[in-house]
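The values are calculated or read from the model by the stated rules, or taken from the named source; none is laboratory data. Predicted model, so just to flag it, every value in this text is computed and none were measured. No Cβ is skipped: glycine too gets one built from the backbone with ideal geometry, and neighbour counts run over all protein chains shown.
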Amino acid sequence: MKRTILIGAWLAGMVGFVFPGYAQQLSARDIMQRSIEVSKVAGMEAVTELRIVDARGRERVRKVAMASRDEGSVEKRVIRFLEPADVRGTALLVFDYPDKDDDMWLYLPAIRKVRKIVSSEKGKNFMGSEFSNADMAAPNLGDFRLQMNGEGTADGVPCYRILMIPLDERIAREYGFSKKEVWIGKKDFVMRKAVYYDDLGEVEKVLTATRVEPVDPAGKKRLAREMTMVNEQNGRKSYFRILQIQYNPNVKEEYFTLSYLQR
């Protein structure tokens, strides 16, 4: 009997060695955590373009400068509008924490004032686009029930499909959706697609991410250089495109201060 048990244990170990997936299946949380980590860069600076298109096809274009700095316990991110003149100087500062609510501050040059964005405002549109304030930071995974929802293909890439369901109504209001299905690349763990659902369980917005490229010299961190958010209910669309990007682990710390936000 003991010999049979030992042989069974040995066989189980060999299966795990030859076929690692059998030994340890990734959970929904494991996959989401890897997706967050693969996009975290020690430091970077970028120039981006935000295009906002209404239901009639009328278009507004914004040029935006961005910088980020990962300090381990917090990832800091600043977004500053460069063009056109009516939004020039408007800036958003984000302190993205892994295990608690993020801090966000918005600077409006018209009134020369920094205003902290409260939790109830994070689900609102970011600068008139279909992206939300909450989309400007990684989600706090502790706010959601995460579950596998099968597999699929997005932009030709095999993906895990994961449902993110807010734990309560307050969190749902904060993020602006009743549930969200994200599609994570099975090889690189980059998010390729996300589907947002409203309070009635209907599809509200669909995000697609393309042109995924390495962003650091080692190639271990990857970002999508183009993202499209389509509102399926009102016909509005927003396009976010990285025009220039530079890996810079020594990005200036002063960029991520309230005083710099007002310059």
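Return the only residue of ARG115, ARG192, ARG173 being without any contact (Cβ under 8 Å) to a residue 40 or more places away in the chain, of a type in the set (Lys, Arg), touching a Ser or Thr at 6+ places or on another chain (Cβ under 8 Å) and closer than 30 Å to PHE81 by Cα. If you could, list the steps in order and put the result at the bottom.
Details: ARG115 fails: touching a Ser or Thr at 6+ places or on another chain (Cβ under 8 Å); ARG173 fails: without any contact (Cβ under 8 Å) to a residue 40 or more places away in the chain.
From the options ARG115, ARG192, ARG173, the qualifying one is ARG192.
Conditions (1) of a type in the set (Ser, Thr, Tyr); (2) part of a loop (DSSP other than H, G, I, E, B); (3) at pLDDT 95 or above, marked per residue:
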site	(1), (2), (3)
ASP86	no, yes, no
LEU93	no, no, yes
LYS100	no, yes, no
MET104	no, no, yes
ILE111	no, yes, no
GLY123	no, yes, no
SER129	yes, yes, yes
ALA134	no, no, no
PRO139	no, yes, no
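List the residue pairs whose Cβ atoms are under 7 Å apart, where the first residue sits in region 39-54 and is part of a strand (DSSP E or B) and surrounded by fewer than 20 Cβ atoms within 10 Å (Cβ to Cβ), the second is at pLDDT 95 or above and among the hydroxyl-bearing types (Ser, Thr, Tyr), and the two are 6 or more positions apart or on different chains.
Sorted first by the residue in region 39-54, then by its partner, the pairs are ARG51/SER238; ARG51/TYR239.
As an exercise: evaluate LYS124 against (1) over 14 Å from the mean Cα position of the chain (by Cα); (2) among the charged types (D, E, K, R); (3) more than 18 Å from ASP103 (Cα to Cα) and give the number of the one condition it does not meet.
With respect to (1) over 14 Å from the mean Cα position of the chain (by Cα); (2) among the charged types (D, E, K, R); (3) more than 18 Å from ASP103 (Cα to Cα), LYS124 is out only on (3).
I'm checking my understanding of the structure. Among residues of region 82-117 that are within 19 Å of the chain's Cα centre (by Cα) and surrounded by fewer than 19 Cβ atoms within 10 Å (Cβ to Cβ), which one is nearest to ARG173 (Cα to Cα)?
This residue is ASP101.
Please tell me if GLU121 is free of Cβ contacts under 8 Å to residues at least 24 places away in the same chain and touching a helix residue (DSSP H, G or I) at 6+ places or on another chain (Cβ under 7 Å). Walk me through how you get there before you give the answer.
Details: free of Cβ contacts under 8 Å to residues at least 24 places away in the same chain: yes; touching a helix residue (DSSP H, G or I) at 6+ places or on another chain (Cβ under 7 Å): yes.
So GLU121 passes the test.
Of (1) over 22 Å from VAL74 (Cβ atoms); (2) out of contact with any strand residue (DSSP E or B) (no Cβ under 7 Å at 6 or more places or on another chain); (3) among the charged types (D, E, K, R), GLU254 satisfies all except one. Which?
Just one mismatch for GLU254, condition (1).
Regarding ARG77, is this residue charged (D, E, K, R), surrounded by fewer than 16 Cβ atoms within 10 Å (Cβ to Cβ) and not in a loop (DSSP other than H, G, I, E, B)? Even if it seems obvious, please write down each step before you answer.
On the way: charged (D, E, K, R): yes; surrounded by fewer than 16 Cβ atoms within 10 Å (Cβ to Cβ): no; not in a loop (DSSP other than H, G, I, E, B): yes.
Judged against the criteria, ARG77 is not a match.
Taking GLU181 as the residue in question, decide whether it is at pLDDT 95 or above, in contact with a Cys (Cβ under 8 Å, 6 or more places away or on another chain) and among the charged types (D, E, K, R).
no
Quick one: CYS159 ticks every box in (1) more than 23 Å from ARG34 (Cβ to Cβ); (2) outside any helix (DSSP H, G or I); (3) touching a Ser or Thr at 6+ places or on another chain (Cβ under 7 Å) except a single one, so which number is it?
(1)
For region 136-172, give me each residue that is out of contact with any Asp or Glu (no Cβ under 9 Å at 6 or more places or on another chain), charged (D, E, K, R) and surrounded by 15 or more Cβ atoms within 10 Å (Cβ to Cβ).
Within region 136-172, just ASP155 meets the criteria.
From (1) surrounded by fewer than 17 Cβ atoms within 10 Å (Cβ to Cβ); (2) at pLDDT 95 or above, pick out the condition that doesn't hold for PHE256.
Here PHE256 meets the rest and fails (1).
Kindly indicate whether ILE245 is among the β-branched types (Val, Ile, Thr) and surrounded by 20 or more Cβ atoms within 10 Å (Cβ to Cβ).
Values: among the β-branched types (Val, Ile, Thr): yes; surrounded by 20 or more Cβ atoms within 10 Å (Cβ to Cβ): no.
Against the criterion (among the β-branched types (Val, Ile, Thr) and surrounded by 20 or more Cβ atoms within 10 Å (Cβ to Cβ)), ILE245 does not qualify.
Taking VAL61 and the conditions (1) without any contact (Cβ under 8 Å) to a residue 40 or more places away in the chain; (2) over 27 Å from PRO166 (Cβ atoms); (3) outside any strand (DSSP E or B), which numbered condition does it fall short on, given that it satisfies the others?
All conditions pass for VAL61, except number (3).
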